[in-house]
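Notes follow the structure.
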Amino acid sequence: MSESTLPAPSAAPPVAASAAPSKPAAAAAPFTEANFNANYGSNPKPKYPRIATSRGWEGTVRLLVKVSAEGDSEEITVQTSSGHDVLDEAAIEAVEKWKFIPAKRGDTPVASSVIVPINFVLNN
């Protein structure tokens, strides 16, 4: 009976040793940020509100967008206002429809957040 108990303890340490390296490898997987630039062709610019053009309003709004693992915008908040609510709202309305390239942990898409700057500039 003592011989049958000896192989069991010697078999256990290799299992524990092989499990330990897999955890750091998963934690060390490279992280790639979410991206909207590569899809810019399918992510049209916001419409410039008519009231903003008539009053000569310009500005940059920075939106914080929570992007799902599927590349959809789940939540959008204004991080920095353009100074004009109508421009901020136009930016949000456009970005809600955008498709993003999701962030990745290794090769696996994951949810994340990205800052999207939207510039409203009049061309005189």
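Going through segment 82-103 one residue at a time, which ones are out of contact with any Gly (no Cβ under 8 Å at 6 or more places or on another chain) and open to solvent by less than 80 Å² (accessible area, probe 1.4 Å)? Correct list: V86, D88, A90, A91, I92, A94, V95, W98, A103. E58 meets all of the listed conditions (1) farther than 16 Å from K97 by Cβ; (2) of a type in the set (D, E); (3) loosely packed, with under 12 Cβ neighbours inside 10 Å but one, namely (3).
Would you pick out the residues in segment 101-124 that are over 18 Å from V78 (Cβ atoms) and in contact with a helix residue (DSSP H, G or I) (Cβ under 7 Å, 6 or more places away or on another chain)?
Within segment 101-124, the first condition is being over 18 Å from V78 (Cβ atoms), and the residues that meet it are 101-112, 121-124.
Across segment 101-124, the qualifying residues are I101, L122.
The values are calculated or read from the model by the stated rules, or taken from the named source; none is laboratory data. Quick caveat, the model's predicted, so the values are computed rather than measured. Using ideal geometry, Cβ is built from the backbone for each residue, glycine included, and neighbour counts are taken over all protein chains shown. What goes into the accessible areas is simple: the full protein's heavy atoms, side chains included, and nothing from ligands, DNA or RNA. Shrake-Rupley method; radii C 1.70, N 1.55, O 1.52, S 1.80 Å.
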